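**Q** Here it is, the structure, as structure tokens.
Please treat every number below as a calculation from the coordinates, not as lab data. It should be emphasised that the depicted structure is a prediction, and the values quoted were computed from it without experimental measurement. Note: ideal-geometry Cβ built from the backbone for every residue, glycine included; neighbour counts use all protein chains shown.
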């Protein structure tokens with residue numbers, strides 16, 4: 001009986017209109033304070049392990065199929081691959097008025113551009129965000145960064161920038177630079193919050209509107225980056241848990 005209920009609940013979850021509605025966007029601090037959630041199979045296994053030991057099973061909650069998955073338990077940050085192109089290009093079109101062509105993206109991701117470093121944030125096989133830099137002359141130039149609108153303000157962009165900085169440090173790069181439209185105040189505030197500092201304005205930088213670009217620079221906080229990379233293991237497949 002339980003199996004039938006579970007299967008029906010799974011079908012309902014998978015039939016939801018929005019993929020992103022399946023996730024609970026609590027912060028890691030909130031998640032850590034809550035008792036763990038175990039499904040019936042895990043609960044049975046744990047009870048068997050604790051049986052006869054004289055130890056009491058720590059407090060927990062039953063996880064039902066209809067429960068939302070914690071976003072930060074399932075998101076992964078990893079280097080971008082060519083097979084990510086469909087999801088990356090879809091997000092590129094959503095986020096920018098001048099998305100790159102297929103040829104441009106292929107150049108970036110199949111090693112034809114040796115100075116390029118790209119990372120994606122992945123959730124359940126879907127691209128939640130991406131960001132990339134070109135490394136040259138001792139600096140990492142931020143080329144693009146985008147996060148799905150459904151999961152913005154969750155810290156995804158912060159992690160993408162940190163992983164890019166950690167990767168580019170291998171090339172003796174100690175700073176990241178970027179250009180952002182003068183009118184894009186929200187993006188400027190995000191970069192300032194992250195530690196970027198304005199270096200001036202480049203007039204008429206954008207060809208579509210002849211708008212000026214604010215030049216910004218972020219000098220890598222070496223100690224923070226080292227701590228983050230040690231904590232995450234800085235492997236090629238980095239779960240945030």
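**Q** If the chain between residue 171 and residue 93 were fully stretched, how many nm would it gain, using 0.36 nm times the residue separation less the Cα-Cα distance?
**A** Extra length available between residue 171 and residue 93 comes to 25.0 nm.
**Q** Given the peptides 47-56, 144-153, arrange them by the average over their residues of other C-beta atoms within 10 Å, most packed first.
**A** So the peptides 47-56, 144-153, ranked by packing, come out 144-153, 47-56.
**Q** For the range 130-220, what D do you get in µm² per second when you plug the Kirkwood radius from alpha-carbon pairs into Stokes-Einstein at 10 °C and 1.306 mPa s?
**A** 117 µm²/s
**Q** Another question, then. With r defined as the distance between the Cβ atoms of residue 152 and residue 74 and R0 fixed at 25 Å, what FRET efficiency is calculated, to the nearest 0.05?
**A** 0.90
**Q** Grab the Cα-Cα distance for residue 207 and residue 187, subtract it from 0.36 nm times how many residues apart they are, and report the gain in nm with one decimal.
**A** Going from the current span to full extension adds 5.3 nm.
**Q** Starting from the eigenvalues of the Cα gyration tensor, five times each then square-rooted, give me the equivalent ellipsoid semi-axes of the range 76-233, largest first, whole Å.
**A** After diagonalising the Cα gyration tensor, the semi-axes are 22, 20, 16 Å.
**Q** Multiplying the sequence separation of residue 134 and residue 64 by 0.36 nm and subtracting their Cα-Cα distance, what value in nm do you get?
**A** Values: separation 70, 0.36 × 70 = 25.20 nm, distance 4.47 nm.
Taking residue 134 through residue 64 to full extension adds about 20.7 nm, to one decimal.
**Q** Based on the Kirkwood radius over alpha-carbon pairs, what is the Stokes-Einstein translational diffusion coefficient of the range 56-148 at 20 °C with 1.002 mPa s viscosity, in µm²/s?
**A** Details: Rh = 15.1 Å.
This corresponds to a translational diffusion coefficient of 142 µm²/s.
**Q** In addition: I want to check the label-to-label distance for residue 113 and residue 45. Put each point 7 Å from Cα in the C-beta direction and report it in nm to one decimal.
**A** 4.2 nm
**Q** Suppose R0 equals 30 Å; then what is the FRET efficiency for residue 53 and residue 30 from their Cβ-Cβ distance, rounded to the nearest 0.05?
**A** In this case the efficiency is close to 0.45.
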